[in-house]
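Below is one structure, written out as structure tokens; the observations come after it.
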Amino acid sequence: RRLRVDRAKGEGSQVFPLTPPVEEALRIYLAQARPNGDHPEIFLTFKPPIRPFRTGGSLSQVVRSYLLKVPGLN
């Protein structure tokens, strides 16, 4: 029950616990929100061309923009 994330810079990866809320959120994203594409990566861009994010920084910006919309988190 772990989530391995490859590091954007350097070598290796980082491992995080896959908690039930995170697992459920990933299931919902994969079933309902993830764009169709022929890429094995989990997170893909929404605007064409559909592809994996080029850097972890660009994905972080997207996540941050959504988190700022959640009441009580900012």
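The values are calculated or read from the model by the stated rules, or taken from the named source; none is laboratory data. What you see is a predicted model, and the numbers here were worked out from it, not measured in a lab. So basically every Cβ, Gly included, is an ideal-geometry build from the backbone, and we count neighbours across all protein chains shown. Side chains are part of the model used for accessible areas, which takes the heavy atoms of the whole protein and leaves out ligands, DNA and RNA. Shrake-Rupley method; radii C 1.70, N 1.55, O 1.52, S 1.80 Å.
Table for the structure above
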| item | result |
| --- | --- |
| Inter-label distance, nm, simple model (7 Å from Cα along the C-beta direction), T19/H39 | 2.8 nm |
| Relative contact order computed over the chain (Cα-Cα under 8 Å; 6+ residues apart), in percent | 17 percent |
| Per residue value of the accessible surface for the chain (all protein chains in place, 1.4 Å probe), Å² | 87 Å² |
| Protein-only accessible surface order, largest first, of F46, F53, F16 at 1.4 Å | F46, F16, F53 |
| Charge dipole of the chain about the Cα centre (unit charges at C-beta), most positive-ward option of H39, T55, L68 | L68 |
| Solvent accessible area, Å² - L18, 1.4 Å probe, full protein context | 40 Å² |
| Value of [θ]222 nm, deg cm²/dmol, for the chain, DSSP H segments ≥ 4, -39500 (n - 2.57) each, nearest 500 | -8500 deg cm²/dmol |
| Within-15-Å neighbourhood charge of V5 [Cβ basis; K, R +1; D, E -1] | +1 |
| Accessible area of the chain belonging to carbon and sulfur atoms, whole % at 1.4 Å probe | 57 percent |
| Cβ charges +1 (Lys, Arg) and -1 (Asp, Glu), total dipole of the chain, debye | 160 debye |
| Charge tally in the Cβ shell below 11 Å around G57, where Lys, Arg are +1 and Asp, Glu are -1, G57 excluded | +3 |
| Only Lys, Arg (+1) and Asp, Glu (-1) charged, at Cβ; the stretch 33-74 dipole about Cα centre in debye | 140 debye |
